[in-house]
Amino acid sequence: MKMMTASLAIAAALTVTACNRDEAADGNSPATAQSDAAKEAAGDKTIAAGLAADSKFMAAAKAAGLDQTLAGPGPYTVIVADDAAFNALPAGTWDGWMKPENRPQLTGLLTNMILSGTVLAEDISKAIDNGKGKAVLATISGGTLTATKDGDKIVLTDSAGKKATVTKADHKFSNGVAH
């Protein structure tokens with residue numbers, strides 16, 4: 001719960017999110033499937049190779065041991081907080097996460113920002129519409145994020161009620177997409 005809250009705290013500067021067009025009609029089942037459009041749109045670089053190697057997100061992924069996962073076959077949808085979001089954390093938070101003894105907590109935080117499958121913003125938007133205003137997204141950590149709309153923007157809410165707005169979407173890679 002604390003990790004999900006932290007992930008959405010840094011999500012104030014998120015660089016996107018995702019969902020699934022195959023979600024149950026009630027909009028409350030976690031989304032996991034990959035749309036055909038998402039498969040076709042994938043680029044030739046993996047997520048790990050395509051994200052800025054010097055970004056705080058990739059530094060965290062490496063410290064958590066998730067860089068190899070993001071270089072693997074996937075597919076994944078990764079919600080990537082930008083450096084400004086990490087820099088806005090309370091003093092000492094970043095340094096604490098980067099300590100080897102805190103790897104389990106960092107891994108938990110980051111896996112709450114990864115969905116199975118390639119899920120485009122359009123897929124999320126359709127799932128929200130089909131779910132009568134909300135869609136529940138399953139993370140690879142076993143948690144969920146609830147996606148809603150504020151006008152035409154996608155908003156993610158964690159189980160503690162913390163919200164983040166998606167600012168950039170659909171950076172396509174061979175093994176998934178980053179938002």
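Observations, loosely collected:
- Answer from Lys45, Lys99, Lys62 - the residue that is in contact (Cβ under 8 Å) with a residue 60 or more places away in the chain, more than 22 Å from Val166 (Cα to Cα) and surrounded by fewer than 21 Cβ atoms within 10 Å (Cβ to Cβ): Lys45
- Residue, farthest from the chain's Cα centre (by Cα), within segment 64-94, restricted to residues that are assigned to a helix (DSSP H, G or I) and of a type in the set (A, V, I, L, M, F, W, C): Trp94
- Filter result (open to solvent by 70 Å² or more (accessible area, probe 1.4 Å) and not basic (Lys, Arg)) within segment 143-166: Asp150, Asp152, Ser159
- Residues in segment 122-143 that are out of contact with any strand residue (DSSP E or B) (no Cβ under 9 Å at 6 or more places or on another chain) and in a helix (DSSP H, G or I) were compared, and the one that is nearest to Lys168 (Cα to Cα) is Glu122.
- Condition met for Val119 (farther than 22 Å from Leu51 by Cβ, open to solvent by less than 40 Å² (accessible area, probe 1.4 Å) and among the β-branched types (Val, Ile, Thr)): no
- Selected residue (criterion: farthest from Ile47 (Cα to Cα)) from residues of segment 122-137 that are small (Gly, Ala, Ser) and open to solvent by 20 Å² or more (accessible area, probe 1.4 Å): Gly133
The values are calculated or read from the model by the stated rules, or taken from the named source; none is laboratory data. Note that the structure is predicted; figures quoted are calculated from it, not measured. Virtual Cβ from ideal backbone geometry, glycine too; neighbours counted across all protein chains shown. What goes into the accessible areas is simple: the full protein's heavy atoms, side chains included, and nothing from ligands, DNA or RNA. Shrake-Rupley method; radii C 1.70, N 1.55, O 1.52, S 1.80 Å.
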